[in-house]
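What follows is a single structure, written as structure tokens, with notes after it.
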Amino acid sequence: MRKQHVLITGGAGFIGSHLTERLLSDGWQVTVFDDFNDAYDPSIKRQNLAEVLDDIELIEGDIRDAVLVERVFMRGKFDLVVHLAARAGVRPSILQPKLYMTTNIEGTFNLVDACRHHEVQNFIFASSSSVYGVNRKVPFAETDAIERTISPYAATKLACEQICSNYSHLFGMRSRCLRFFTVYGPRQRPDLAIAQFTRAMLDEKIVKRFGNGETRRDYTYVEDIVEGIVRSFDDRGGTFEVLNLGGSATTRLCDLIAMLEELLGKKARLQELQEQLGDVPLTHADIGKARAILGWEPQVGIREGLAKYVAWVQQNQLVGCR
């Protein structure tokens, strides 16, 4: 009996490598498509896949390369595509908006269009809570009007959701756009706040905190996100769905730092900096739709998740890693 075959773009990254391991354990045939770009040290992404390289097919390339994407689909015979590849991050997108527009929008179009022509009827897209921007209604629900995205990154994610919607409506492709809320855990990208704070505190260096510490985020542990992705594979819901995947609780930045201090046994040497362009004051997921359609509920709270992350950092001796 043939195994189900999944293409995971960005499969060497933080979330992608966890999903790759999960699907291999579930019996899937997995092809990873990743360009190992230099947004952060590519060796980190290679290490993410080190233990599963013999069990997957790895394709190195850029999703903006339509010819390569076509070649991948001609050979692959995929049952499902999980599209995680993107230029990520709000702040870098302000500095390099064109790179974000071409990678995220053009790359997503190439993949969705290849799915259409090669009769791949299931497409999962990794969207972001950033699309809500400065949302006046809390918690954020999928039915909320999207009126104020405040970064190029957010704009690209919203545009990609619309591409998925178009292809579902026009060609019957089953699409799921999953809005992730601040994912963290082992292998977290080194440029993200929790990773930066942890490294700085262990190295006894300055912790750069933007703003007065009162901003709040809805943090979601990576294993919960992977479970949500996997649950989105089935046929529940309509042809096209947008779904929040979040922790369904908010944590103040100052409280996050305090929890890390407690777990690490280190006092943060804080430097307060001006709030940065593109950062929103609050994210908070209404997960009622994911609960109803996917039967999904986050299982790992922020304190437990941070403890798991700190244990992983200490086990892997990442002190001083850059």
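The table below lists the values:
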read-out: Hits in the range 40-63 (condition: assigned to a helix (DSSP H, G or I) and of a type in the set (Asp, Glu)); value: Asp54, Asp55
read-out: Residues satisfying the stated conditions in the range 91-121, i.e. buried (at least 20 other Cβ atoms within 10 Å of the Cβ) and either touching an Asp or Glu at 6+ places or on another chain (Cβ under 7 Å) or within 20 Å of Gln4 (Cα to Cα) (or both); value: Leu111, Val112, Ala114, Cys115, Val120
read-out: Scope the range 191-233; condition assigned to a loop (DSSP other than H, G, I, E, B) and more than 14 Å from the chain's Cα centre (by Cα); matching residues; value: Asp203, Glu204, Lys205, Gly211, Asn212, Gly213, Glu214, Thr215, Ser232, Phe233
read-out: Residues located in the range 123-141, provided they are buried (at least 20 other Cβ atoms within 10 Å of the Cβ) and either of a type in the set (Asp, Glu) or farther than 20 Å from Tyr153 by Cα (or both); value: Phe123, Pro139
read-out: Matching residues, the range 171-191, being within 23 Å of Thr102 (Cβ to Cβ) and either without any contact (Cβ under 8 Å) to a residue 60 or more places away in the chain or small (Gly, Ala, Ser) (or both); value: Ser175
read-out: Residue check for Leu256: touching a helix residue (DSSP H, G or I) at 6+ places or on another chain (Cβ under 6 Å) and not in a loop (DSSP other than H, G, I, E, B); value: no
read-out: Check on Asn48, surrounded by 17 or more Cβ atoms within 10 Å (Cβ to Cβ), on the phi < 0 side of the Ramachandran plot and either under 21 Å from the mean Cα position of the chain (by Cα) or touching a residue at least 12 places away in the same chain (Cβ under 8 Å) (or both); value: yes
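For every residue, the table says whether it meets (1) modelled with pLDDT of 95 or more; (2) of a type in the set (D, E, K, R).
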site: Ala268; (1), (2): no, no
site: Asp286; (1), (2): yes, yes
site: Glu297; (1), (2): yes, yes
site: Tyr309; (1), (2): yes, no
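Residues checked against (1) free of Cβ contacts under 8 Å to residues at least 40 places away in the same chain; (2) in contact with an Asp or Glu (Cβ under 8 Å, 6 or more places away or on another chain); (3) buried (at least 19 other Cβ atoms within 10 Å of the Cβ):
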residue: Asp218; (1), (2), (3): no, no, yes
residue: Gly228; (1), (2), (3): no, no, yes
residue: Phe233; (1), (2), (3): no, no, yes
residue: Gly247; (1), (2), (3): no, yes, yes
residue: Ile287; (1), (2), (3): no, yes, yes
residue: Ala292; (1), (2), (3): yes, no, no
residue: Trp312; (1), (2), (3): no, no, no
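The values are calculated or read from the model by the stated rules, or taken from the named source; none is laboratory data. Worth saying up front: this structure is predicted, and the values here are computed from it rather than measured. Please note: Cβ atoms are built from the backbone with ideal geometry, for glycine as well, and neighbour counts cover all protein chains shown.
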